[in-house]
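Visitor: Please read through the structure below; I'll follow up with questions.
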Amino acid sequence: MFGDKAAATVPRSRAGSSVTPPARSTDPRGSSAARASPLAQSPLTPAAQAAASPERGKLGGLFGKGSDRVATPQATAAADGFDAEGFVHGMLQQLPSEDAIQQFYNSLADAKDLAAADLQRNVFRNYNDFVVISKEISNILFPTLRFLESDMLYLRGLLTELKDVQDSLRPEADEREETLAAALLDDPLASPEQKAAAAAEALAKQRAKEEELMESREAQMKALYNNIDGLQKILSESKTRYLVREGSKNRYWEVSPTTFKQKDMVHLYLFNDSLVVVSWKKSLITGKARMVAETAWALNEIGFIDMKDSPDVTNAFKIVKHPDVSIYRTETLEEKRAILGAIKRITDDILAQKRREKEVAKDASSKAKTVSAPIGTAAPEDGQKAKEKLAAVKDNLSITDYRWLLELPDELDVLVAHRDFDNAVANLEKAGKILSSVDVDTPRVQALRTSVEKRIETLAKLISLDLASPVSTKSQVQENIDRLLRLGLGDQARDIFLTARTKTVRHRTRQLKFDGDIAAYMNDLAEITFRLIRNTCDWYGGSFRDTTMASGFMKWVTGEITHFTDTLRRQVFDSHQRFSVIADCLMSTLDHCQQLRDVGLDLTFLLDKIVLADIANAIETHSQSCEETIAAAVRNDKFEAVAPRTEFFDERNLSFDIPIPRMSESAYQLFKVLTDFASDVGVLMSMTLYNKIVSSLSSMFSVFINTTHSALDKDLTITQYCVILTNATFVIDHMLPKVKSQLQEQFERPIPELEEDCARHKQTLEAIRAKFVSQCVSRIAKLEYNFGKVDYTNSAAILDTMLPTDAVLKLVLALNKLVADMDRVLDRKDLVGRVLEQFFGNISTSPSSWETDKGPRKFGFGGVQTLVLDIHFCLRAAEVYITEPANEAANAVCEKALRTYFSQNKDLSVPLRTGEWYDKRVDEAMRKYGRNLGALLAAQPTAAPPQMVQ
């Protein structure tokens with residue numbers, strides 16, 4: 001509407017075939033006078049073509065063959081029986097090239113322009129003659145039409161009498177009861193009391209039936225007013241009105257009177273005095289379809305015409321209310337006959353009622369004349385009343401105003417023809433003021449008022465067409481709206497303006513090209529939609545200054561926002577786009593929606609309300625995808641520790657109070673998924689989505705922690721177990737609290753759900769540590785120090801230079817590697833102490849450590865002392881990590897081995913070595929092997945630097 005270009009008109013021949021014009025740049029067609037007149041678009045007649053300049057129609061020399069001249073189109077068109085299609089077909093066969101076809105088309109267009117201009121000049125030149133002739137025609141036809149109308153009314157009266165006779169022959173439902181009552185009343189033997197009782201009973205039954213019928217009709221009308229929106233506006237309540245034919249069960253279709261194309265489906269509700277058209281429309285708020293009343297006609301103001309079936313339309317009938325014509329069609333022929341029959345019966349009843357009222361009034365007048373006094377004998381009071389009555393039929397309209405009002409229709413016709421709408425509106429305003437000042441509504445005033453109302457209707461139609469033009473500028477739109485407002489048609493101006501703006505929005509959005517990029521397409525769509533809404537608000541505020549008109553505009557804005565969100569839902573949510581694409585589309589939509597704040601509109605809440613459910617579903621789907629990604633990353637992780645990636649956290653603005661530990665790829669994948677999810681839903685952070693966002697984050701943490709816990713059941717190395725424990729510890733102790741604090745800042749409130757998750761995952765972390773200790777103990781006992789397989793049966797004396805066995809050295813080296821593999825984020829002392837405690841505890845309590853296939857395990861003199869030396873060496877090497885329970889478990893192993901030795905060897909002539917000897921040998925072993933135990937000894941503040949063994 002505002003800046004859009006109208007579609008070019010394709011010329012058509014009389015036979016209906018189209019000729020596509022070659023592309024050429026043309027100026028606006030016709031002169032200023034032609035553009036000003038509504039007749040400028042009239043079809044070109046052969047006479048008008050012939051009146052055009054003959055030189056412009058000569059085609060022979062234009063194509064380069066001056067000798068091959070053909071007949072001019074003007075002369076050919078002027079001939080009798082001219083066949084336009086045949087003429088064009090023959091000319092096209094003779095033309096040699098595309099240039100020749102273009103010149104032929106240009107000559108036809110010029111001839112049409114000349115003929116149209118000449119026809120317009122003739123119209124203006126003979127305008128007065130046209131007016132006089134039209135008045136003469138109306139004067140000639142009026143008597144004939146009056147007699148025809150009288151004959152038609154007489155025929156209708158005869159048909160009504162025939163209907164009354166038929167109705168009188170129909171049996172009543174309670175005919176038998178009425179017959180018995182009448183017989184009782186006519187019975188000469190019946191007593192007066194019986195007759196009175198019968199009469200009272202009959203009267204009571206009659207009144208009960210009437211009251212029941214009235215209540216039924218009132219309930220039915222009340223239900224209609226409740227179920228059909230807008231019915232009370234176009235059809236006011238009346239106690240005498242009742243429903244004759246219920247229309248919701250029958251479907252009708254509106255048909256275009258010009259093209260016979262079928263439009264929307266409607267329902268027709270027939271009342272005893274009117275006909276109402278009802279359609280179904282979808283509510284902008286609830287989204288449900290409701291019945292809405294469109295039009296209401298009084299039956300005494302319209303006519304019905306049955307239409308014969310044709311190839312274009314079947315089962316159709318016309319509803320005529322001059323000058324408008326509406327066409328409707330039914331599904332079946334029986335339905336059409338039924339509704340036309342019902343309408344005919346009601347109209348016949350209306351005419352019969354009017355005829356009876358006229359007869360009653362005529363009888364009353366004749367009786368009054370009969371009993372009145374003779375002429376000339378009237379009392380003085382009667383004469384005074386007659387004078388007052390005669391004066392009452394006179395109006396105070398001056399002769400000047402009356403003459404001006406009589407000439408006004410012709411003057412308005414001239415102004416409308418010249419499209420001088422401002423003067424026409426000013427004259428109509430003046431006429432309205434004059435007619436409103438008249439105190440008595442006399443017949444001549446009624447005639448003048450009717451004439452003015454017709455001119456207002458005609459002028460309003462033309463102004464409405466200009467207002468709906470898609471190429472109107474802002475100033476033109478405001479001028480046309482102001483004209484309609486001055487004519488008292490504010491609602492019509494608002495509806496036309498907003499309808500035109502809707503068409504403009506649809507036209508602009510249909511011009512967008514979609515190249516596969518959903519985010520870019522929705523960004524362009526949002527930009528166009530919200531910019532046009534903003535411009536419409538600006539134009540509307542400058543044109544409609546009445547605050548009561550604001551509700552209609554807000555209803556329009558809501559409809560446009562709903563239409564935009566429908567497109568957003570189809571293109572983005574229903575097509576299951578990636579959440580990053582959804583986030584980009586929503587971000588661009590919110591950005592463009594902000595421009596409405598410049599004109600006082602903030603519709604962000606409306607967008608949130610409409611797409612809230614779709615966003616929640618999208619977050620749920622995206623969360624499930626993230627959970628699957630996290631679980632797959634943990635399952636496929638090799639748990640190889642990587643150097644801390646500080647740049648990874650710097651890019652995502654993540655900082656922690658401790659140094660970044662050495663974690664595996666699955667942990668970094670979790671961090672990436674969490675940050676990407678937070679970035680995607682960042683534009684959607686609102687309290688309405690609080691539960692969905694928090695539950696999604698909680699589920700992601702739970703999936704990672706539970707899957708990581710399950711990974712400890714795999715057969716892995718101690719190094720891999722350390723990486724698993726590091727991942728779980730950092731996520732539970734640092735990452736989860738970090739996310740909780742950020743959400744608290746975002747929502748400005750505590751997050752109790754994540755606080756519960758922190759407490760619950762702390763318990764899970766303790767279970768992960770316990771499983772880690774168990775797996776490390778199992779791995780060390782299996783691969784490094786299998787106590788049951790170490791030989792401690794040596795019976796010889798132990799040498800003074802004895803050192804710990806290779807088996808216990810492997811145990812100590814395994815502990816050293818365990819400490820080295822543990823990251824600083826882990827509690828090494830607690831974990832290693834628990835490992836030693838469980839390790840020595842398993843040795844002490846395991847039957848396989850003390851029993852063999854042949855009986856109890858044998859310990860020799862030298863072997864038992866070697867065992868004690870080994871355990872002393874192990875405790876000294878891991879002295880920092882030895883807890884009290886671990887020390888007790890180690891002593892329990894030594895004590896049990898000594899008891900076994902003493903029980904197996906009764907002759908103890910040679911004493912065992914003392915603690916001083918063990919300390920010296922352990923010190924010697926530490927000096928020899930300490931270089932290889934850097935991780936264990938690094939935590940000992942008093943440890944002497946080990947010496948290199950040569």
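Visitor: Which ones in region 257-278 are part of a strand (DSSP E or B) and either surrounded by 18 or more Cβ atoms within 10 Å (Cβ to Cβ) or in contact (Cβ under 8 Å) with a residue 40 or more places away in the chain (or both)? Spell out the reasoning first.
Guide: The first filter runs over region 257-278 and keeps only residues part of a strand (DSSP E or B), leaving 262-271, 274-278.
Correct list: 262, 266, 267, 268, 269, 270, 271, 274, 275, 276, 277, 278.
Visitor: Is it fair to say residue 739 is open to solvent by less than 10 Å² (accessible area, probe 1.4 Å), touching a residue at least 24 places away in the same chain (Cβ under 8 Å) and aliphatic (A, V, I, L, M)? Let's see the steps before the verdict.
Guide: Working: open to solvent by less than 10 Å² (accessible area, probe 1.4 Å): no; touching a residue at least 24 places away in the same chain (Cβ under 8 Å): yes; aliphatic (A, V, I, L, M): yes.
In short, no.
Visitor: Find all pairs meeting these conditions: Cβ atoms under 8 angstrom apart; at least six residues apart or on different chains; first residue within region 658-671 and over 12 Å from residue 638 (Cα atoms) and open to solvent by 10 Å² or more (accessible area, probe 1.4 Å); second residue assigned to a helix (DSSP H, G or I) and of a type in the set (Val, Ile, Thr).
Guide: Listed by first residue and then by second, the contacts come to 660/646; 662/723; 662/726; 669/629; 669/630.
Visitor: Given the residues 763, 744, 720, which is the only one that is among the polar types (S, T, N, Q) and exposed (fewer than 14 other Cβ atoms within 10 Å of the Cβ)?
Guide: Numbers: 744 fails: exposed (fewer than 14 other Cβ atoms within 10 Å of the Cβ); 720 fails: exposed (fewer than 14 other Cβ atoms within 10 Å of the Cβ).
Just a single option satisfies the conditions, and that option is 763.
Visitor: Something else: Would you mind telling me which numbered condition in (1) open to solvent by 50 Å² or more (accessible area, probe 1.4 Å); (2) in a strand (DSSP E or B) residue 314 fails?
Guide: (2)
Visitor: Which residue is farthest from residue 602 (Cα to Cα), if the candidates are limited to region 518-537 and must be without any contact (Cβ under 8 Å) to a residue 24 or more places away in the chain and open to solvent by 30 Å² or more (accessible area, probe 1.4 Å)?
Guide: Let us first name the residues in region 518-537 that are without any contact (Cβ under 8 Å) to a residue 24 or more places away in the chain, namely 520, 524, 528.
After this cut, where a residue has to be open to solvent by 30 Å² or more (accessible area, probe 1.4 Å) as well, the list is 520, 524.
Numbers: 520: 24, 524: 20 Å.
Here the answer is 520.
Visitor: Output the helices (runs of 4 or more DSSP H) that fall wholly within region 70-128 and possess 1 or more residues being modelled with pLDDT of 80 or more, or say none.
Guide: Numbers: elements: 73-78, 84-94, 98-125.
Because the criterion is at least 1 residues that are modelled with pLDDT of 80 or more, the helices (runs of 4 or more DSSP H) in region 70-128 that meet it are 84-94, 98-125.
Visitor: Can you tell me which of (1) touching a Pro at 6+ places or on another chain (Cβ under 8 Å); (2) part of a helix (DSSP H, G or I) is the one residue 659 doesn't meet?
Guide: Answer for residue 659: the failing condition is (2).
Visitor: Let me ask something else about it. Can you tell me how many residues within region 594-615 are within 15 Å of the chain's Cα centre (by Cα) and in contact (Cβ under 8 Å) with a residue 24 or more places away in the chain? Talk me through it step by step, then tell me what you get.
Guide: Step one: filter region 594-615 for residues within 15 Å of the chain's Cα centre (by Cα), giving 603-615.
Retained after the next criterion (residues that are in contact (Cβ under 8 Å) with a residue 24 or more places away in the chain): 603, 606-608, 610-612, 614-615.
Qualifying residue count, region 594-615: 9.
Visitor: Does residue 824 qualify as being over 17 Å from residue 897 (Cα atoms), in a helix (DSSP H, G or I) and not β-branched (Val, Ile, Thr)? Explain how you work it out, then say what you get.
Guide: Values: over 17 Å from residue 897 (Cα atoms): yes; in a helix (DSSP H, G or I): no; not β-branched (Val, Ile, Thr): yes.
Answer is no for this residue.
Visitor: Of everything in region 538-553, what is in contact (Cβ under 8 Å) with a residue 12 or more places away in the chain and more than 19 Å from residue 500 (Cβ to Cβ)? Give them in sequence order.
Guide: Matches in region 538-553: 546 only.
Visitor: Looking at region 245-256, which of its residues are under 17 Å from residue 295 (Cβ atoms), more than 30 Å from the chain's Cα centre (by Cα) and without any contact (Cβ under 8 Å) to a residue 60 or more places away in the chain?
Guide: Matches in region 245-256: 247 only.
Visitor: I'd like to check something: does region 432-444 contain any residue that is more than 25 Å from residue 123 (Cα to Cα), part of a loop (DSSP other than H, G, I, E, B) and open to solvent by 80 Å² or more (accessible area, probe 1.4 Å)?
Guide: Within region 432-444, the subset more than 25 Å from residue 123 (Cα to Cα) is 432-444.
Of the ones still in play, those that are also part of a loop (DSSP other than H, G, I, E, B) are 437-442.
With open to solvent by 80 Å² or more (accessible area, probe 1.4 Å) added as a condition, the list becomes 439, 441.
The answer is yes; a qualifying residue exists.
Visitor: Only one of these conditions is not met by residue 628: (1) part of a helix (DSSP H, G or I); (2) farther than 30 Å from residue 573 by Cα; (3) open to solvent by 70 Å² or more (accessible area, probe 1.4 Å). Which number is it?
Guide: Exception for residue 628: condition (2).
Visitor: Inside region 841-879, can you point out the residues that are small (Gly, Ala, Ser), touching a helix residue (DSSP H, G or I) at 6+ places or on another chain (Cβ under 9 Å) and over 20 Å from residue 936 (Cβ atoms)? It would help to see each step written out before you state the result.
Guide: Looking only at region 841-879, we keep the residues that are small (Gly, Ala, Ser), and these are 841, 844, 846, 848-849, 855, 860, 862-863, 877-878.
Filter again for touching a helix residue (DSSP H, G or I) at 6+ places or on another chain (Cβ under 9 Å), leaving 841, 844, 846, 848-849, 860, 863, 877-878.
Listed by number, the residues that qualify are 841, 844, 846, 848, 849, 860, 863.
Visitor: Quick one: which of 483, 508 is more than 20 Å from residue 555 (Cα to Cα), among the charged types (D, E, K, R) and within 22 Å of the chain's Cα centre (by Cα)?
Guide: Details: 483 fails: within 22 Å of the chain's Cα centre (by Cα).
Residue meeting the stated conditions: 508.
Visitor: Condition first: modelled with pLDDT under 80, surrounded by fewer than 16 Cβ atoms within 10 Å (Cβ to Cβ) and closer than 24 Å to residue 551 by Cα. Now tell me which residues in region 577-607 satisfy that. Spell out the reasoning first.
Guide: First, the residues of region 577-607 that are modelled with pLDDT under 80: 577-580, 582-583, 597-607.
Subset that is surrounded by fewer than 16 Cβ atoms within 10 Å (Cβ to Cβ): 578, 580, 597-600, 602, 604-605.
Across region 577-607, the qualifying residues are 597, 598, 599, 600, 602, 604, 605.
Visitor: Right, something else. Tell me which residues, restricted to region 215-250, are loosely packed, with under 11 Cβ neighbours inside 10 Å and in a helix (DSSP H, G or I).
Guide: Listed by number, the residues that qualify are 215, 219, 226, 233.
Visitor: Before we move on, is residue 471 loosely packed, with under 13 Cβ neighbours inside 10 Å and at negative phi? Write out each step before concluding.
Guide: On the way: loosely packed, with under 13 Cβ neighbours inside 10 Å: yes; at negative phi: yes.
Answer is yes for this residue.
Visitor: Is one or more of the residues making up region 883-892 surrounded by 15 or more Cβ atoms within 10 Å (Cβ to Cβ), over 16 Å from residue 844 (Cα atoms) and over 60 Å from the mean Cα position of the chain (by Cα)?
Guide: Yes, that holds for at least one residue.
Visitor: Shifting gears a bit: Within region 847-869, how many residues turn out to be open to solvent by 20 Å² or more (accessible area, probe 1.4 Å), of a type in the set (S, T, N, Q) and either at pLDDT 90 or above or part of a helix (DSSP H, G or I) (or both)?
Guide: 1
Visitor: The conditions are (1) closer than 25 Å to residue 341 by Cβ; (2) outside any strand (DSSP E or B), and residue 253 fails exactly one of them. Which is it?
Guide: Checking residue 253 against (1) closer than 25 Å to residue 341 by Cβ; (2) outside any strand (DSSP E or B), the one that fails is (2).
The values are calculated or read from the model by the stated rules, or taken from the named source; none is laboratory data. These numbers come from a predicted model, not from an experiment. Glycine also receives a Cβ, built like all others from the backbone with ideal geometry; neighbour counts cover every protein chain displayed. Heads up: the accessible areas ignore ligands, DNA and RNA and are worked out on the full protein's heavy atoms, side chains in. Shrake-Rupley method; radii C 1.70, N 1.55, O 1.52, S 1.80 Å.
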